[in-house]
Amino acid sequence: MNILVLGNGGREHAICYALKKSPILKNLWCYPGNAGISELAIIIKENLSTNKKIKDFCLNNKIDLVIPGSESYLARGIVDELEKEGIKAFGPSKKATQLESSKIFTKKICEEANIPTAEWSEFNKYNDAIKFIATRRFPLVIKADGLAAGKGVTIAKNHLEAELALKKIFKGYFGKAGKKVLIEQFLEGREASFFVICDGEKAIPFSNAQDHKRLSDGNTGPNTGGMGAYSPTPLIDKHINSKIMNTIINPTLKLMKKKNIPYKGFLYAGLMITNKEPKLIEYNVRLGDPECQVIIPRLQSDFLQLCLDASGKKLEDSKINFIDKTSLCIVMSSKGYPENYKTGLKITGLDNIKNNPNIMVFHAGTAINKKNQLVSSGGRVLNINSLANNISEARQKAYSEIKKVSFHGSHYRSDIGL
Ligand code: AMP
Ligand code: GLY
């Protein structure tokens, strides 16, 4: 089969790695890709910046299945456009991406299907929000409704912090994403990322992971896209797994189908495991990054076949197997990330890491410059991954490898999985 992957991060590198192992793969294409992905897939050099250009490329190159990695392609309706032309694409329709692109849409789904989540209120006027917080106890969680690159959420410890967060959103800092605001109850507990693969009706767990969202050790510093992860997380045992499926995932899919917005694709539930029960924090309509990079090395089943089965409503539980080992990923980022950072920094030492199924490097933001050197091209640059019998072994392996690599100002956390 001819497959096209859309995206350019560590998640897409891991997806390409999984696809490459499939016996039914013929040609693997990726757009826009990165230096690491170029070792596995044909990188498309022409500009495919619109849905139409992607569609034309697929028709001209007889692409059998498109796998968009990031929400940006999904939210602009790439799946709907391709399917109109009879091209298969594995991901949700534009309407279904509201589960990620509108936090209020998801909260309303939770309300209707009685899904456990933080109590919430919706505002579209600054003054009403200010009146509301005057009556509440802190901390409170303030969120822009729409997509804000992970920056639209503030955990306000007091009135002043809440006021500043509300001002920022209502003054238009997040553009259209901040037209509406949610104010939520703060949930106590531990966070986990839970994944399912869905075919429109049925969802099957696709393992779980724990992300490390803050920039620095001890969960300090600003929120990032994720600085490291491990899978599986001991927070989700068999009992909690069934609870998540029965109280959160299945009711969501059932209601989406009833609303005539069936959900197909990977679905990522960000959960708070509280003393009482798992509660939904948010949905993402894709695999997580870097969670995907720790789940894929544990997958023993054929990733491509699974995506095809799910595209054709033929998902079967028995076909998904994960190895009973721990996988860990450390993200190496550029100085200044998640705010301003330089690109084009020369990366050295990668040749010293010998890739094997237990040690893997996924590229998150890399490119080859005019001098044919490997350089950084993003804020998150490299993912160093290990697979081991337990978490301490996985930590030891990944941390001994990461020391071999460097670029100017490189940064990583030393407490991933600790
Ligand atoms: P979100 O973009 O909704 O995932 O929020 C970003 C981060 O804010 C989450 O990963 C949590 O760490 C935190 N967060 C969001 N909502 C809540 C909440 N209601 N209670 C506690 N923490 C939250
Ligand atoms: N690691 C968090 C995310 O993918 O959104």
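Every number here is computed from the coordinates shown, using simple stated rules; none is lab data. All values derive from a computational prediction rather than experimental measurement. We place every Cβ from the backbone using ideal geometry, glycine too, and count neighbours over all the protein chains shown.
Note on Asp80/His408: beta-carbon distance plugged into 1/(1 + (r/R0)^6) with R0 of 35 Å gives a FRET efficiency of 0.20.
Listed by chain and number, the lysines whose C-alpha is less than 19 Å from the C-alpha of Lys131, apart from same-chain residues fewer than 8 away, are Lys143, Lys157, Lys167, Lys168, Lys171, Lys179, Lys180.
If you place +1 on the Cβ of every Lys and Arg and -1 on the Cβ of every Asp and Glu, how big does the dipole about the Cα centre of segment 1-158 come out, in debye to the nearest 20?
300
Structure remark: mean-square fluctuation, Gaussian network model of the chain, C-alpha springs under 10 Å; the largest value among Asn27, Asn372, Asn355 belongs to Asn372.
Overall, segment 290-381 carries a charge dipole of about 520 debye about its Cα centre when +1 sits on the Cβ of Lys and Arg and -1 on the Cβ of Asp and Glu, all other atoms neutral.
Taking Cβ atoms as reference points and 10 Å as the exclusive limit, the residues near Asn223 contribute a net charge of +3, counting Lys and Arg as +1 and Asp and Glu as -1. If only the Cβ of Lys and Arg carry +1 and only the Cβ of Asp and Glu carry -1, the dipole of the chain around its Cα centre is close to 780 debye. Using a cutoff of 8 angstrom between alpha carbon atoms and counting only pairs six or more residues apart, the relative contact order for the chain works out to 17 percent.
The 3J(HN,Hα) values that the Karplus relation (6.51, -1.76, 1.60; θ = phi - 60°) gives for segment 100-112 are, in residue order, 9, 7, 9, 5, 5, 4, 5, 4, 5, 4, 4, 4, 5 Hz. Gly and Pro appear as x. Taking every C-alpha pair closer than 8 Å and separated by at least 6 residues, the mean separation divided by the residue count of segment 326-418 gives a relative contact order of 43 percent. Dividing the helix sum by the residues of the chain, where each DSSP H run of 4 or more adds -39500 (n - 2.57), gives a mean residue ellipticity at 222 nm of -7000 deg cm²/dmol. In angstrom, the C-alpha Rg and Dmax of the chain are 20.9, 61.
The phi torsions of segment 64-74, fed into the Karplus equation with coefficients 6.51, -1.76 and 1.60 and a -60° offset, translate into couplings of 8, 8, 10, 10, x, x, 9, 5, 4, 5, 5 Hz, rounded to whole numbers, with Gly and Pro shown as x. Considering only Ser318, Ser386, Ser70, the Gaussian network model of the chain with Cα springs below 10 Å gives its largest mean-square fluctuation to Ser318. Loop-located GluC sites (Glu not before Pro) across segment 39-95 with a Cβ neighbour count of 15 or fewer within 10 Å are Glu46, Glu85, with loop assigned by DSSP.
How long is the gain from Asn60 to Asn2 if the chain were fully straight, where each residue apart is worth 0.36 nm and the alpha carbon distance is subtracted?
Full-extension gain reported as 19.7 nm.
Once the Cβ-Cβ distance of Lys21 and Lys276 is raised to the sixth power relative to R0 = 60 Å, the FRET efficiency obtained is 0.90. If you look at the Cα atoms of segment 32-182, you get an Rg and a Dmax of 19.9, 60 Å.
Residues of segment 281-315 with an amide N closer than 16 Å to a point placed 7 Å from the Cα of Ile353 along the Cα-to-Cβ direction: 290-298.
Straight-line cross-link reach from Lys313 at under 17 Å between alpha-carbon atoms covers these lysines, not counting any fewer than eight positions away in the same chain: Lys88, Lys202, Lys254, Lys257, Lys258, Lys264.
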